[in-house]
Amino acid sequence: MSDQKITISNGKLTVPENPTIPFIEGDGTGPDIWSASQLVFDSAVSKAYGGKRKINWKEVMAGEKSFKQNGNWLPDETLDAFREYLVGIKGPLTTPVGGGIRSLNVALRQILDLYVCLRPVRWYEGVPSPVKNPGAVNMVLFRENTEDIYAGIEFAAGTPESQKVLDFLAKEFPKEFNKIRFNTVEKSESFWKMVGAPNMNNDVQVGIGIKPVSYSGSVRLIHSAIAYAVKHNKKSVTLVHKGNIMKFTEGRSAIGVIQWPRNILGIRCIPGTNGKRPRKIKAKQKPMQSKRLRLHRVKF
């Protein structure tokens, strides 16, 4: 089958009759999952288009299978293939042990900037369900995939890197440093004596993770969700966050981004709960952890 590439122009995909789609078979249960999935994909395409269209599958390497064949967990050729063909699919991948790439999934997200984890959640007729009205469940989740904790900025406990961060906090931000419960040998020693294990290792063992959340990244994600809702005639978008605790990452971004949709999408968002306008919030009241936005088209 000839090599036919999916292309994109002005944000719209152009799909040829027989598109080439790269796939990573995956590790562990990957081969079993892929062989069954491919049958489903091919059958669905054949039924939808009366046998006139077909996917040309192109295997690319990653994970343990790739490492055993060429000594590389994630070859550049694989990344180039996903960039070139735009659409791809992968199976479960083994996380390398003992250094190098900590997570192939995170590496793929970061390198290819796959910033949205999009997950439709709905019920299909005939599937058993423990709830009385499963058909009422019909939502689409948009989750941040490259910022926040998914940026993967971490330093293992007891390493020189984590100690550098601790030293920096102790010097530049002593108040915040003191919030780390066991940030000194003395505090660790006191704890182990209290629980009757005075001979335990009292070295400072603190793993450090950095949680970067940018305004632009938040807008990019929520813009995608609202644009999807408008295109598919959804009535509302609900922002779920932990802004009552993480005020300057999740909280600030979640509150700030609701101000721009009119200029970008031609809609206005009305904050509320369950689609209703909210009561006036007192200054001392904690921010809501979820905020539903009713979408209304407006004319300029």
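The values are calculated or read from the model by the stated rules, or taken from the named source; none is laboratory data. Because the structure is predicted, anything quoted here is derived from the model rather than measured. As a convention, Cβ positions derive from the backbone with ideal geometry for all residues, glycine included, and neighbour counts pool all protein chains shown. Accessible surface is based on the protein model in full, side chains and every heavy atom, while ligands, DNA and RNA are left aside. Shrake-Rupley method; radii C 1.70, N 1.55, O 1.52, S 1.80 Å.
Numerical summary
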quantity: Yes/no for Glu144 being modelled with pLDDT under 95 and open to solvent by 60 Å² or more (accessible area, probe 1.4 Å); calculated: no
quantity: Matching residues in segment 6-54 - criterion: being touching a Ser or Thr at 6+ places or on another chain (Cβ under 6 Å) and either within 17 Å of Leu86 (Cβ to Cβ) or at pLDDT 95 or above (or both); calculated: Thr7, Thr14
quantity: Whichever residue in segment 8-33 is in a helix (DSSP H, G or I) and in contact (Cβ under 8 Å) with a residue 24 or more places away in the chain and, among such residues, is most open to solvent (accessible area, probe 1.4 Å); calculated: Ile33
quantity: Tabulated pairs, segment 193-220, first among the basic types (Lys, Arg), second surrounded by fewer than 17 Cβ atoms within 10 Å (Cβ to Cβ) and part of a helix (DSSP H, G or I), C-beta under 9 angstrom, 6+ apart or interchain; calculated: Lys211/Ile149
quantity: Breaking point among (1) modelled with pLDDT of 95 or more; (2) open to solvent by 40 Å² or more (accessible area, probe 1.4 Å); (3) not aromatic (Phe, Trp, Tyr), for Asn72; calculated: (1)
quantity: For Ser66: the one exception among (1) surrounded by fewer than 18 Cβ atoms within 10 Å (Cβ to Cβ); (2) of a type outside the set (D, E, K, R); (3) within 28 Å of Phe155 (Cα to Cα); calculated: (1)
quantity: Cβ pairs under 7 Å, 6+ apart, first in segment 46-70 and of a type in the set (Asp, Glu), second outside any helix (DSSP H, G or I) and surrounded by 14 or more Cβ atoms within 10 Å (Cβ to Cβ); calculated: Glu59/Phe23; Glu59/Glu25; Glu64/Asp27; Glu64/Thr94
quantity: Test: residue in segment 199-208 that is polar (S, T, N, Q), open to solvent by less than 90 Å² (accessible area, probe 1.4 Å) and out of contact with any Asp or Glu (no Cβ under 9 Å at 6 or more places or on another chain); calculated: no
quantity: All positions within segment 154-189 that are of a type outside the set (Ser, Thr, Tyr), surrounded by 13 or more Cβ atoms within 10 Å (Cβ to Cβ) and not in a loop (DSSP other than H, G, I, E, B); calculated: Glu154, Phe155, Gln163, Val165, Leu166, Leu169, Ala170, Phe177, Lys187, Glu189
quantity: Some residue of segment 226-237 being in contact (Cβ under 8 Å) with a residue 12 or more places away in the chain, touching a Phe, Trp or Tyr at 6+ places or on another chain (Cβ under 6 Å), of a type outside the set (Asp, Glu) and open to solvent by less than 30 Å² (accessible area, probe 1.4 Å); calculated: no
quantity: Test: Gly196 is open to solvent by 30 Å² or more (accessible area, probe 1.4 Å) and either among the acidic types (Asp, Glu) or on the phi > 0 side of the Ramachandran plot (or both); calculated: yes
quantity: Among the residues listed as Lys171, Lys211, the single one being closer than 20 Å to Val106 by Cα and of a type in the set (D, E, K, R); calculated: Lys211
quantity: Any pair with Cβ under 6 angstrom, 6 or more apart, that starts in segment 135-149 at a residue that is in contact (Cβ under 8 Å) with a residue 24 or more places away in the chain and ends at one that is of a type in the set (Phe, Trp, Tyr) and part of a loop (DSSP other than H, G, I, E, B); calculated: Asn145/Tyr115; Thr146/Tyr115
